[in-house]
Amino acid sequence: LPRGVGANWPRTLAVMPVGPLVRLPWAALPMPDGRALCEALELRVVPGLRLGLTAPHGAPGGEAPLVIAADPGNLENVGPETRMVLDAFPGARLLSGGDATAERFLALAPRAEWIHFAGHGCHHADAPHQSGLMFADRWLPASELARVRLSARWVILSACQTARALVRPGGEWFGLARTLLLCGARTVIASQWDIEDAAALQLMAELYPRLGVGQALGAALAGAQAARAR
């Protein structure tokens, strides 16, 4: 972007990366004035042409938001993170401990207004349909998630490698985040990289208070990213 981005420039930038551009940390890219890109505007990454051309989804789910704390015992900040989410949204439903099973998630997710998952994720580069999320009872792969119909306003995956994808000729992405979007989620927030447990908590601690006071998701995420970039 040129110097002097201001009122005459769009507030939102949508990018559909291809090739090696897929792995760029777009929100952190430096601008000529020294700011990170997330400090100047809201950023949306579109994972593939098919999703870029998809019509908007229908009304959000009518049941309580769903918060999953899937800590196998080595993620000390999953508990504080999900408690902080519930502080911002006291009406959300929490699945934790032995209740945070794949079956409970699959039963409640279709009608949830939005979904927050905190735990382990993995990406299988050669078999993206096996990429998944770790619940209390088992791993839930993308191939099984693909059979679920969601109406969530957003799905936030506070877990490693959840935005990684196999990108094939034609610019189509295959991975966990794209699967959730095709299932009906309006927006997915995820990470391409391994993330530190404490860093995930810090970002969510910036994000959810903004969401809790009614800020739109794109603006809230940009603000949270900008706060962590300073």
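A few points about this structure:
- Residue list for the stretch 167-212, restricted to those being touching a His at 6+ places or on another chain (Cβ under 9 Å) and either outside any strand (DSSP E or B) or open to solvent by 50 Å² or more (accessible area, probe 1.4 Å) (or both): 174, 176, 179, 184, 185, 186, 192, 204, 208
- Residues that are at pLDDT 80 or above, in a loop (DSSP other than H, G, I, E, B) and in contact with a Leu (Cβ under 9 Å, 6 or more places away or on another chain), drawn from the stretch 1-45: 16, 17, 29, 31, 32, 40, 41
- Listed conditions (1) part of a loop (DSSP other than H, G, I, E, B); (2) surrounded by 18 or more Cβ atoms within 10 Å (Cβ to Cβ); (3) not aliphatic (A, V, I, L, M) are all met by residue 116, apart from (1).
- Of all residues making up the stretch 9-28, the number that are open to solvent by less than 50 Å² (accessible area, probe 1.4 Å) and more than 18 Å from residue 187 (Cα to Cα): 1
- Any hit, the stretch 101-111, residues being open to solvent by 30 Å² or more (accessible area, probe 1.4 Å), in contact with a Gly (Cβ under 6 Å, 6 or more places away or on another chain) and of a type in the set (Lys, Arg): yes
- Per-region count, the stretch 129-166, residues open to solvent by 50 Å² or more (accessible area, probe 1.4 Å), touching a residue at least 60 places away in the same chain (Cβ under 8 Å) and under 15 Å from the mean Cα position of the chain (by Cα): 1
The values are calculated or read from the model by the stated rules, or taken from the named source; none is laboratory data. Small disclaimer: the values here were computed from a predicted structure and weren't measured. Using ideal geometry, Cβ is built from the backbone for each residue, glycine included, and neighbour counts are taken over all protein chains shown. Ligands, DNA and RNA are stripped out before the accessible areas are found, and what is left, the full protein with its side chains, is counted by its heavy atoms. Shrake-Rupley method; radii C 1.70, N 1.55, O 1.52, S 1.80 Å.
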